[in-house]
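In what follows, a structure is listed as structure tokens, so that the remarks can point back to it.
Just so it is clear, none of the values below were taken in a lab; they were calculated from the coordinates. Being a predicted model, the structure only gives us computed values, none of them experimental. All Cβ positions, even for glycine, are placed from backbone atoms using ideal geometry, and neighbour counts span all protein chains on display.
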Amino acid sequence: MIVIIAEKPSLARNIVEAIGNMKKYDGYYENNEYIVTYAFGHLFSLCDIEDYLESSNNKWTINNLPCFPKEFKFKLKTDLSKKVDKGILKQFEIIKKLLNREDVYKIVNAGDADREGEIIVRLCISNALNSKKQLLRLWLPDQTSETIKEALINMKYEEEYNSLANEGFARTYIDWLYGVNLTRYATLKTGTLLRVGRVIIPIVKAVYDRDKLIEKFIPDIYYSISSKELTNNSEVELNSKEKFDKNKLKEANDLCLKYNDLEATVISKKVKKDILNPGKLYSLSKLQNVLGKKYKMSMDKSLEIVQKLYEQGYLTYPRTNSEYLALAEKNKVNKIIKILSEMNYPVEFKDKKTIFDDSKIESHSALTPTYKIPKFKDLSEDELKVYKTVFKRFTAVFCSKDCLIEKTEIKISLGNLEEFTLKGTVILEKGWTLYDEYNSNDKILPNLNIGDKVNILFKPVEKKTSPPKHYTIETLNNYLKNPFKEDKSKEEEDDTEDYKAIFEGLELGTEATRTGIIDNAIKSMYIELKKDVYHILPKGEYLIESLLNMEISMDKYKTSFLGKALKKVYHNEMKIEESLSLAKKEIEEVFLKKEISIEEESDTGFYGDLIGICPLCQKEVLRNRYGYGCIGYKEGCTFKISGVICNRIISKNNAILLLKNNKSSKIKGFTSKSGKKFDAYLKIENNKVEFDFS
Ligand SMILES: [Zn+2]
């Protein structure tokens with residue numbers, strides 16, 4: 001007998017349907033050859049710090065940190081009361097019994113076709129199986145009966161997926177190391193639950209940085225000059241390249257006078273017919289971008305729907321980062337095309353490098369419909385939106401009719417001082433644009449011919465520089481996919497090539513995880529998504545500013561550095577342990593900071609520490625979220641020492657000295673409002689903290 005373990009009940013049902021004639025039992029299906037059972041996604045999770053310490057005390061304490069388990073252990077998932085979830089335990093017992101049955105000689109991992117699916121089922125097998133049996137992998141690019149039948153014949157050995165599993169485990173361990181250690185550290189420090197993670201922080205930071213830029217933006221006024229006059233009965237708009245500062249209105253006027261004395265003449269006109277190509281097939285994030293823009297659909301919502309359509313067999317595997325199809329898929333695509341043409345869509349097979357390209361596929365091809373076409377009336381409104389978007393793009397890409405356009409370019413010379421170019425495009429034959437969205441910004445140019453004189457009247461036009469834009473689903477996705485692209489605008493040396501070389505693994509999160517992490521940032525109330533625009537929330541501001549104060553840097557460079565290491569694990573160029581040591585080193589540095597003495601400061605203290613006596617009311621002073629405050633605030637005492645003064649953290653030691661002796665030690669590295677660095681003592685004067693430069 002062969003046992004197949006599916007990642008989810010829905011996949012198990014699809015496999016059972018493909019095999020046919022299976023009898024249903026409690027938690028599995030069986031016929032005379034196969035047994036099909038299932039997990040509920042993750043049955044196991046990594047142990048908590050307390051499990052490693054075998055401590056019954058669940059209280060978080062700095063003494064347990066940082067925690068680097070010698071060997072990572074998993075346990076069956078627990079429910080809210082911290083007891084093993086009953087449903088999960090029951091299903092695991094069923095799997096265990098089936099795997100160890102004497103008549104079972106082969107076990108098949110039918111996790112989703114990704115690293116998460118790989119380890120979900122591997123954990124079930126390694127925790128349940130008592131003897132050695134042959135392990136195989138069922139790898140499904142989609143869940144239609146036909147694909148499942150074919151994949152069952154062509155199963156590979158499970159070992160062939162070892163590197164994928166290694167990367168999956170390394171990723172899980174590293175995320176645990178960061179998440180658990182730094183979340184507890186930051187929470188203990190600030191007294192507020194702060195969820196810190198390897199990928200969530202750079203995401204929140206990106207939104208924070210952008211929103212701060214917008215907040216600080218002061219628009220600048222400038223003048224451009226342009227002319228909008230009628231020639232041959234149509235308006236001709238000419239915009240000059242010249243721009244003038246807001247105090248140079250006179251100069252702008254002078255140039256207008258000069259221009260208006262000149263003659264404008266059409267010096268060339270080019271008309272060219274061309275073919276407009278459709279867009280590429282969709283990767284998950286490209287699809288989410290389109291759905292966000294068009295329907296304001298959030299990423300978790302769109303992923304949920306794509307996942308459902310995949311589970312129903314209508315779409316191919318969704319968590320893909322490629323916009324291309326594999327060469328090996330040509331037959332399959334041909335079959336889908338045949339079905340579409342029977343439905344009277346004008347499609348034909350196209351063997352093009354812009355569609356089929358193995359070099360642009362890591363493990364999954366672009367999202368496409370399968371040959372199983374749903375009845376549109378059976379889909380919900382949102383499902384229809386998602387399905388149709390994928391379906392239409394597929395139809396457009398394989399459309400047998402070209403979209404024919406006419407491009408026109410007219411050049412107008414003004415004296416010999418400036419030359420203006422007008423560009424227009426008109427669609428002559430609609431072709432694929434009949435089937436897929438297309439921003440038809442047809443621009444028809446005025447009726448001008450070579451030698452025509454163009455009427456002009458240039459005037460200064462007041463304009464404002466515009467602030468940067470808030471991140472949208474699309475722009476944040478693009479940033480996360482390639483976080484280093486933006487830096488190019490800073491006009492550093494051209495290192496495009498260097499970046500290209502390191503892009504492998506430098507993205508923040510992966511196509512498979514990003515949606516969940518962004519959703520987490522929203523649920524933690526760090527950021528919000530309104531329509532399709534992200535905004536930072538007060539809790540997110542507090543998170544980022546606290547991390548800065550604690551000198552915990554989790555910027556894109558660090559996250560990407562680890563991402564690159566994980567890719568090396570995948571390519572067998574690095575061992576899991578090596579990637580873990582890189583992460584441990586980073587985490588250790590955060591904890592080491594307590595030990596490094598900057599001018600005898602040993603510790604910046606923790607939330608709740610009592611540090612001295614209030615000079616105003618003689619009650620105790622407590623370390624709080626924002627610094628140090630008198631516990632007599634309820635009775636109206638206002639004494640406090642800010643945690644950060646002029647961009648400098650005020651350590652617990654210095655706060656103690658200040659209360660005890662009315663003078664801190666000499667603190668180096670304050671930054672004044674104008675950006676100048678300075679050193680000073682702190683003293684208390686008139687019940688307030690002041691600088692002392694003596
Ligand atoms: Zn007080």
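Per the Kirkwood formula applied to alpha carbons, the stretch 282-334 shows a radius of gyration over Rh ratio, Rg over Rh, of 1.02.
Over the stretch 37-158, all Cα pairs binned in 10 Å intervals from 0 give whole-percent P(r) values of 11, 34, 31, 16, 6, 1, listed from short to long. More than 19 angstrom separation, counting every C-alpha pair in the stretch 1-76; what % is that? Cα-Cα pairs in the stretch 1-76 separated by more than 19 Å: 54 percent. With an a/c value of 1.5 or above and a/b larger than b/c for the gyration tensor axes a ≥ b ≥ c computed over the alpha-carbon atoms, the stretch 609-690 is described as prolate. Each Lys or Arg adds one and each Asp or Glu subtracts one; over the other residues with Cβ under 12 Å from the Cβ of ARG319, this totals -3. The relative contact order of the chain comes to 13 percent, based on Cα pairs under 8 Å that sit 6 or more residues apart. According to the square roots a ≥ b ≥ c of the eigenvalues of the Cα gyration tensor, what is the shape class of the stretch 190-307, taking rounded for a/c under 1.5, prolate for a/b larger than b/c otherwise, and oblate for the remainder? Oblate, because a/c is 1.5 or more while a/b does not exceed b/c. Which of the three applies to the chain, rounded, prolate or oblate, going by the alpha-carbon gyration tensor with a ≥ b ≥ c and a/c under 1.5 meaning rounded? Here the chain falls in the oblate category. Principal axis extents of the C-alpha atoms in the stretch 396-453 (largest first, rounded to whole Å): 49, 17, 14. When the inverse distances between all different Cα atoms of the stretch 362-439 are averaged and flipped, the Kirkwood radius reads 16.2 angstrom. All other residues whose Cβ lies under 10 angstrom from that of ASP85 are scored, Lys and Arg at +1 and Asp and Glu at -1, for a net of +3.
Remark: the stretch 254-347 carries a charge dipole of roughly 320 debye about the Cα centre, counting +1 on each Lys and Arg Cβ and -1 on each Asp and Glu Cβ. Computed about the Cα centre, the dipole magnitude for the stretch 153-229 is approximately 440 debye when only Lys and Arg (+1) and Asp and Glu (-1) carry charge, each at its Cβ.
DSSP loop (so not H, G, I, E, B), at most 16 other Cβ within 10 Å: list which trypsin sites (Lys or Arg not before Pro) in the stretch 5-97 pass both filters. Hits after loop and neighbour filter: LYS59, LYS70, LYS73, LYS82, LYS83. Of the GluC sites (Glu not before Pro) found in the stretch 78-141, those that fall in a DSSP loop while having at most 15 other beta-carbon atoms within 10 Å are GLU102. Of the residues ASP254, ASP378, ASP142, the one with the fewest other Cβ atoms within 10 Å heads the list, and the complete ranking is ASP378, ASP254, ASP142. Under a 5 Å amide H cut-off, with hydrogens placed 1.01 Å from N, ASP452 pairs with VAL266 among residues at least 5 apart or on other chains. Rg/Rh, computed from the Cα trace of the stretch 382-423 with Rh as the Kirkwood radius, has the value 1.44. Within the stretch 223-368, the ratio Rg/Rh, alpha carbon atoms throughout and Rh by Kirkwood, equals 1.25. Here the 3J(HN,Hα) profile of the stretch 385-398, calculated from phi with Karplus coefficients 6.51, -1.76 and 1.60 at θ = phi - 60°, is 4, 5, 4, 5, 4, 5, 4, 5, 5, 4, 4, 5, 4, 9 Hz, Gly and Pro shown as x. Among PHE484, PHE391, the ranking by other beta carbons within 10 Å of each residue's beta carbon, starting with the fewest, stands as PHE484, PHE391. Only helices enter this figure: runs of n ≥ 4 DSSP H residues, each worth -39500 (n - 2.57), summed and divided by the residues of the chain, yield -11000 deg cm²/dmol at 222 nm to the nearest 500.
Taking amide H as placed 1.01 Å from N in the peptide plane, LYS106 has its amide H under 5 Å from the amide H of VAL3, each at least 5 places away in sequence or on another chain. For the chain, a simple Cβ point-charge model (Lys and Arg +1, Asp and Glu -1, everything else neutral) yields a dipole of about 1180 debye relative to the Cα centre.
All C-alpha pair distances within the stretch 103-221, sorted into 10 Å bins from zero, spread as 11, 26, 22, 18, 14, 7, 2, 0, 0 percent across the bins. Scaled to the globular estimate 2.2 N^0.38 Å, the Cα spread of the stretch 165-249, given as radius of gyration, is 2.23. With the convex hull of its Cα atoms as the shape, the stretch 555-694 has an orientation-averaged projected area of 11.4 nm². The GluC sites (Glu not before Pro) found in the stretch 282-359 that occupy coil by DSSP, while having at most 15 further C-beta atoms within 10 Å, are GLU348. Each Cα pair under 8 Å and six or more residues apart adds its separation to the average, and for the stretch 299-387 the resulting relative contact order is 44 percent. When the C-alpha to C-alpha distance is required to be over 20 Å, the pairs from LYS280/LYS401; LYS301/LYS388; LYS280/LYS423; LYS286/LYS401 that qualify are LYS280/LYS423; LYS286/LYS401. Going from the fewest other Cβ atoms within 10 Å to the most, the residues TYR222, TYR324 appear in the order TYR222, TYR324. Here the Karplus relation 6.51 cos²θ - 1.76 cosθ + 1.60, evaluated at θ = phi - 60°, turns the backbone of the stretch 401-406 into coupling constants of 9, 6, 9, 9, 10, 10 Hz, with x for every Gly and Pro.
Counting Lys and Arg as +1 and Asp and Glu as -1 over every other residue whose Cβ lies under 14 Å from the Cβ of PHE356, the net charge comes to +2.
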